[in-house]
Amino acid sequence: MRDNDNVIIKPPFTEEMKKEYTILIPDMLSFHFDLVVGVMAQHGYRMEVLKTSHRNIVEEGLKSVHNDTCYPALLVIGQFIDALKSGNYDINKTALLITQTGGGCRASNYIYLLRKALEKNGFGHIPVLSLNFSGLEKEYSVPLSFKMVVKLIFAIIYADFIMGVYNQCLPYEQNPGESLRLVKEWNARLLSQMSGPSFVRAKKNYKAILRDFAAIKRVKSDKIRVGIVGEIYLKFSPLGNNGLEDYLVSEGAEVINSGLLDFIMYCVYNNIYDKKLYGKGGLGYAANCLAMRYLKARRREMIAAIKGHGEFAPPSDFSKVISAAGDYLDHGVKMGEGWLLTAEMLELIHSGCNNIVSAQPFGCLPNHIVAKGMIRKIKDRYPDSNIVAVDYDPGASRINQENRLRLMLANAKLNGERREETATQKETGTAEVAV
Ligand code: SF4
């Protein structure tokens, strides 16, 4: 549907539609989206996360967007079109929801590509909603009350917390499926708390979550710890990264994945940094400073709880992540994952995890620079680091991706053996003496 100036007409999503419409969300962060969908349901929105993963999603993406569009955009749009064509949804009672980061890359602009793709496929009447905190698409955004924002922030924090301990239990569990069962139980408990008047019981919940996960029977064994960094969609979405986490765990690794809160704090920090770059002050600056202080305090609470319990490794303090980038990139490098991606690789190394996978999407110049572009420099300073960049695109072969991952794991094993050998030699005094 286009107006007289040939501009696509954006169908609105009205208050009445809330009662009858199903709002579809693309797959990305299963831990987080399950809680987010639950919170939105408490406020009258019926949402559904698409969990499809078949090849037709890529085909629909290729048909519906230009072939130089970055891979995450192609998948998100392909997944929506595939769902609408599947016959599983009443296309007159379905809306779509997409996030906008507010940054300079396509993550703010998928929404326009999506509307064009909908029109092309005969779905131009379907409303598209935006979820963003940057004031974009005001008339087409999900209206968020203060209470909803606080609940959504807590949903993200809890999901990060649970994801962190889950990743540390899953590879060691004696009874397969126990960690996932606990995730589901806790999601239900947290959502029921959040539906009541007092939903902010984080410290108490952290303790109980840690107690429950620590009670899972685990095998004592040394696993190779592997950190995942990369473009935000590929880092988390099993559809985007061909089930990267599952694959690493199946190959005997323990996965470390920094949470979504890091990315949110990165976005907030960038707004604050704009004052230094462009002199942008005023109310927006003050609000971002306040938000940063609040989020850092929540992160510190989380770290204190995990350290206090003593059995699991906590996430990094975000101030450390900020300063890790300092020697490598200016904080003004903020397209895509910007300085955060480099900082996350460094923070993993600083915390003792030298094995890193960087998930690289096709068509993403910003992350190409801050990931692949920085790996050489990081390796020069940290020769023990074992970083592999894996490319994801519509034609990439899974076998090639898995071969690169296997090579990284083999190097990790070799490095571990060498370290052990050196340690034993030092202990027994049998180290070779250079002549
Ligand atoms: S970061 Fe890269 S892949 Fe992600 S939306 Fe931006 S350009 Fe696309």
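When you restrict to C-alpha pairs under 8 Å that are six or more residues apart and normalise by the size of segment 18-143, the relative contact order lands at 23 percent.
Available extension along the chain between GLN193 and LYS217 is 5.9 nm, counting 0.36 nm per residue and deducting the alpha carbon span. About the centre of its Cα atoms, segment 18-143 shows a dipole size close to 140 debye [charges on the beta carbon of Lys, Arg (+1) and Asp, Glu (-1) only; nearest 20 debye].
Computed over the chain, the convex hull of the alpha-carbon atoms projects to a mean area of 24.3 nm².
Estimated from helical segments only, the mean residue ellipticity of the chain at 222 nm is -17000 deg cm²/dmol, where each DSSP H run of four or more residues counts as -39500 (n - 2.57).
Largest GNM mean-square fluctuation across ALA396, ALA423, ALA287, computed for the chain with C-alpha springs under 10 Å, falls on ALA423. The trypsin sites (Lys or Arg not before Pro) of segment 1-79 that DSSP puts in a loop, and whose beta carbon has at most 11 other beta carbons within 10 Å, are LYS51, ARG55.
One quarter of the surface of the convex hull around the alpha-carbon atoms of segment 18-143 equals 7.5 nm², the direction-averaged projected area. Under the simplified labelling scheme, the LYS307-GLU139 pair shows an inter-label distance of 5.1 nm, with each label point 7 Å from Cα along Cα→Cβ.
Charge tally for GLY243 (other residues, Cβ to Cβ under 11 Å; Lys, Arg +1; Asp, Glu -1): -2. Remark on GLY336: its backbone amide H falls under 5 Å from those of GLY104, CYS105, a criterion applied only to residues 5 or more positions apart or on other chains, H modelled at 1.01 Å from N. In a fully extended conformation the segment linking SER323 and ALA297 would gain 7.6 nm over its present Cα-Cα distance, using 0.36 nm per residue. For segment 1-72, applying the loop criterion from DSSP together with a ceiling of 13 other beta carbons within 10 Å to the GluC sites (Glu not before Pro) yields GLU15, GLU16. The value of relative contact order for the chain, using C-alpha pairs under 8 Å at least six residues apart, is 15 percent.
With each label modelled as a point 7 angstrom along the Cα→C-beta vector, the LEU414-HIS43 pair spans 5.2 nm.
Spin-label model, ASN56 to VAL150: label points 7 Å out along the Cα-to-beta-carbon direction sit 4.5 nm apart.
Looking at segment 88-170, the trypsin sites (Lys or Arg not before Pro) that sit in a DSSP loop and have at most 16 other Cβ atoms within 10 Å of their own Cβ are LYS93. Please identify the helices of the chain, taking whole runs of DSSP H, that span at least 30 Å along their own axis as judged from the Cα atoms and have a mean Kyte-Doolittle score of 0.5 or higher. Span-like helices in the chain: 146-169.
Dipole magnitude for segment 174-231: about 300 debye, using +1 per Lys or Arg Cβ and -1 per Asp or Glu Cβ, origin at the Cα centre.
The numbers here are math on the coordinates, done by the rules we state, and not lab data. As the structure is a computational prediction, the values presented were derived from the model and not from experiment. Methodologically, a virtual Cβ is constructed for each residue, glycine included, from the backbone with ideal geometry; neighbour enumeration extends over all protein chains shown.
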